[in-house]
Amino acid sequence: MDIARISRGKRIATLTVASVQVGLVSGIIFGWPALQEIFARQGIYADLCSPGEPSPCSEQFLRFNLIYTVATFVNTASPILNGAFLDRFGPKLTNIVGSSIFLLGCLLFALPTIHNVDIYPYAFALLGFGGPTIQVSLFNVSLLWSGHEKNVLSAFSALFALSSLVFRIFEWITRGGLSLGYMFVFFALFLMPLFAVGYILLPLKSYETRKPITDTTTNKIASDDDATPLVVHPSFKDNDVQAHKKKNKYCFSLINSELLEELKLQDYWLVTAFMSIQALHTLTYLADVSKMFQDHPSYVNGFTWIWSFGVLFMPLIGRIHYQ
């Protein structure tokens, strides 16, 4: 879709809807400590405790850690699939698939067991997969704002961190006695219109930007209606593009490869190994913090707030990164 033909009103609407989606779902699973408090308060998995043992007990915490570990693993691995899906089917279909998976996860929280099967790990894993799928479908929205693409992407990164506060809001609301299942059903009903509007606004194919390119044979600026292909001076390709590719060979080797080709690249496995180690470090740290301070919830709450309000530093970090 040619961006020049999109009205300013539609650009604002698309950016607004995309920002709200990212802020509500993209990193929601990282607000797990607040959701764990709800699990413990409402006696979920209390049947795992020994008779007379106070709840929450150690067996409950083991099950809580299992749920979070599975979801974060799915969250970390999901870009392999949703990125390939985005390249093949475009932002609109990727967004609706991610939205459907996320809504299914929400609704499963209302069904804690099906035929004696514990549903919570599967429901939370679906949130962990659906959130990043929605987020990756929205990165293309930054192209609507020429010259401000970096600011939009930085804002999305900030909203990712802020989305972890959603479960803290859940925790406040459920103090009044509302069950966790109903809370997720209401959340799903709230999200449905938002996802429907996003489906209407997002393009079937990625946005295309057209920057003026000079035809060196005529010294004229090529127009969008020019039926003949551009003739670009060979030195531009040989000297500029090739030099840039050589300087950024790892980036280009991954970006310009098909999925199956990427899996054969050393660069891919190095990046995967780095991300896996980082994810394992984060999981271990969060699990240790929750266990060490289970008798002092104020410390865990403080950690959650600090994590969420890292959003304040995201624009600065993003600007430094892109520059």
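Looking at this structure, is F129 surrounded by fewer than 20 Cβ atoms within 10 Å (Cβ to Cβ) and not β-branched (V, I, T)? Judged against the criteria, F129 is not a match. Look at the range 96-118: where a residue is farther than 20 Å from F186 by Cβ and assigned to a helix (DSSP H, G or I) and a partner is open to solvent by 60 Å² or more (accessible area, probe 1.4 Å) and of a type outside the set (A, V, I, L, M, F, W, C), sitting 6+ places away or on another chain with Cβ atoms under 8 Å, you get I96/Y199. Here E53 passes the criteria (1) acidic (D, E); (2) assigned to a helix (DSSP H, G or I); (3) more than 22 Å from L144 (Cα to Cα) except the one numbered (2). Taking the range 24-40 as the range and being among the polar types (S, T, N, Q) and either closer than 23 Å to I134 by Cα or touching a strand residue (DSSP E or B) at 6+ places or on another chain (Cβ under 6 Å) (or both) as the test, only S26 passes.
If you go through the range 126-148 and keep only what is closer than 25 Å to G9 by Cβ, assigned to a helix (DSSP H, G or I) and either out of contact with any Leu (no Cβ under 7 Å at 6 or more places or on another chain) or aromatic (F, W, Y) (or both), you end up with I134, Q135, L138, F139, N140, L143. Taking the listed residues F89, F73, the one that is in contact (Cβ under 8 Å) with a residue 12 or more places away in the chain and in a helix (DSSP H, G or I) is F73, with no other qualifying. Among the residues of the range 149-182, which ones are in a helix (DSSP H, G or I) and free of Cβ contacts under 8 Å to residues at least 24 places away in the same chain? Scanning the range 149-182 gives E149, I169, W172, I173.
Looking across the range 104-134, the residues that are hydroxyl-bearing (S, T, Y) and modelled with pLDDT of 85 or more come down to Y120, Y122, T133.
Just need a number here: residues in the range 33-48 that are among the hydroxyl-bearing types (S, T, Y) and in contact with a Ser or Thr (Cβ under 7 Å, 6 or more places away or on another chain). Walk me through it before giving the result.
Step one: list which residues in the range 33-48 are among the hydroxyl-bearing types (S, T, Y), which gives 45.
Those still in the list that are in contact with a Ser or Thr (Cβ under 7 Å, 6 or more places away or on another chain) too: none.
Summing the residues that are among the hydroxyl-bearing types (S, T, Y) and in contact with a Ser or Thr (Cβ under 7 Å, 6 or more places away or on another chain) in the range 33-48 gives 0.
Output the residue which, of all residues in the range 1-49 that are in contact with a Phe, Trp or Tyr (Cβ under 7 Å, 6 or more places away or on another chain) and polar (S, T, N, Q), is farthest from I101 (Cα to Cα). Once the filter is applied, the top-ranked residue is Q36. Taken together, the residues in the range 135-170 that are modelled with pLDDT under 90 and more than 29 Å from F85 (Cα to Cα) amount to 1.
The values are calculated or read from the model by the stated rules, or taken from the named source; none is laboratory data. Since this is a predicted model, take the numbers as computed values, not measurements. With ideal geometry, Cβ positions are generated from the backbone for all residues, glycine too; neighbour counts draw on all protein chains shown. Accessible surface areas use protein heavy atoms only, side chains included; no ligands, DNA or RNA. Shrake-Rupley method; radii C 1.70, N 1.55, O 1.52, S 1.80 Å.
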